[in-house]
Amino acid sequence: MSHTSSTFSREKRTIDRAIYTLSPDGKYGYASDFARIQNHRPGYGYPGVKEPYRDQKAPEELGIWRIDLATGESKLIFSIAQAAAVPYPDGDLSTKWHWFNHLLCNTDGTRLIFLSRWRDHRVGDPDYQYKQPFYTRVFTIGTDGTDLHLLENSGHFSHFIWRDPDHIAAWSTHTGGKNYWLYTDQTDQAEPMLPEVMTWDAHLTYLPWQFPNWILNDSYPRESERFQIPHLVHLPTGRKVELGRFPSPKEYTGEWRCDTHPRSSSSGRLVAIDSPHTGGRQVHLIDLSALMDA
């Protein structure tokens, strides 16, 4: 269950599950199952919530839910069992433990991208080892649950963002080596993105339409000072502009780290980051006006 309230009227209501991503018009939410995520990728779900299908490797009753925010009601539009049944060239997936991570709606609300992931053993089982690898393949699907498309099948796929309704920028092993790729949805086309400039996996997003040629990105802690480095990349020229270097204390490691997760305002002139460099997790604003005007 999730609770929503109006900041103006203070009226409250309950919807029947937590939201993972919203449609651009705000009419629909989309969700995975956070108890399932927590059981298989601790730190990314909600602890303390019982999962009724914990003993099933690929439940038919769990998956992607479409939530009508006018009524609060949700409907399962695609199940974990359906994803696990899609043929995989490197082996039988029926013996694996499956879950969905990281749903994101495209820019016109017509399609979703999601990560279908699996492990050989459940977290906490006798055969499980800490940081045992998991594997990923990537699907897109219509927001009504139709037109499933297998976008990436290489086994490794990390941070991603929709550029527009039909293109997705993502870090992956599309042809073996790790790099950012620009995928064209519902095709097998993908183009490398500035491999000499965008050299590490991190949290990327496009600036708003006023600045269509700029991508906003960051880094995990780097160098001995553990700097996290939010930065901009100008796609036509490859110019990189650092927005600061923010040291992350060593206590912020593992699944409880504090990534900067840079995101811009609707004007593209302000960037918010999360950072513990001033003591504790705080949100900081960076003004891009001078740079954008130049």
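None of the figures in this text is laboratory data; all of them are computed from the coordinates on show. The structure presented is a predicted model; accordingly, all values stated were derived computationally and were not measured. Please note: Cβ atoms are built from the backbone with ideal geometry, for glycine as well, and neighbour counts cover all protein chains shown.
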Simple spin-label estimate for Thr95/Gln210, 7 Å along Cα→Cβ, in nm, reads 5.6
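Please give the calculated 222 nm ellipticity per residue for the chain, where each DSSP H segment of at least 4 residues contributes -39500 (n - 2.57) and the sum is spread over every residue; nearest 500 deg cm²/dmol? Walk me through the numbers before you get to the answer.
On the way: 3 runs with 17 residues, N = 294.
That comes out to -1000 deg cm²/dmol.
I'd like the Kirkwood hydrodynamic radius of the chain, using the inverse of the mean 1/r over distinct C-alpha pairs, in Å. Show your work: numbers first, answer last.
Details: mean 1/r = 0.0486 Å⁻¹.
Over the chain, the inverse of the mean reciprocal pair distance is 20.6 Å.
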Potential extension, Asp68-Lys178 segment - 0.36 nm per residue separation minus Cα distance
35.8 nm
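Beyond a 32 Å Cα-Cα separation, which of these cross-linked pairs lie in this structure: Lys75/Lys96; Lys75/Lys250; Lys50/Lys96; Lys12/Lys250; Lys12/Lys96; Lys12/Lys75?
Values: Lys75/Lys96 26 Å; Lys75/Lys250 42 Å; Lys50/Lys96 21 Å; Lys12/Lys250 40 Å; Lys12/Lys96 41 Å; Lys12/Lys75 22 Å.
Checking Cα-Cα distances, Lys75/Lys250; Lys12/Lys250; Lys12/Lys96 exceed 32 Å.
Can you tell me how much longer the chain between Glu196 and His149 gets when fully stretched, taken as 0.36 nm per residue apart minus their C-alpha distance, in nm with one decimal? Don't skip to the end; give the middle numbers.
On the way: separation 47, 0.36 × 47 = 16.92 nm, distance 2.97 nm.
Additional length available on full extension: 13.9 nm.
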Across segment 61-77, in residue order, what do the Karplus-derived ³J(HN,Hα) couplings come to in whole Hz, using 6.51 cos²θ - 1.76 cosθ + 1.60 with θ = phi - 60° and x for Gly and Pro?
8, 10, x, 9, 10, 9, 10, 7, 6, 6, 9, x, 8, 10, 9, 6, 10
Separation in nanometres of the label points that stand 7 Å from Cα toward Cβ, at Asp127 and Thr7
5.0
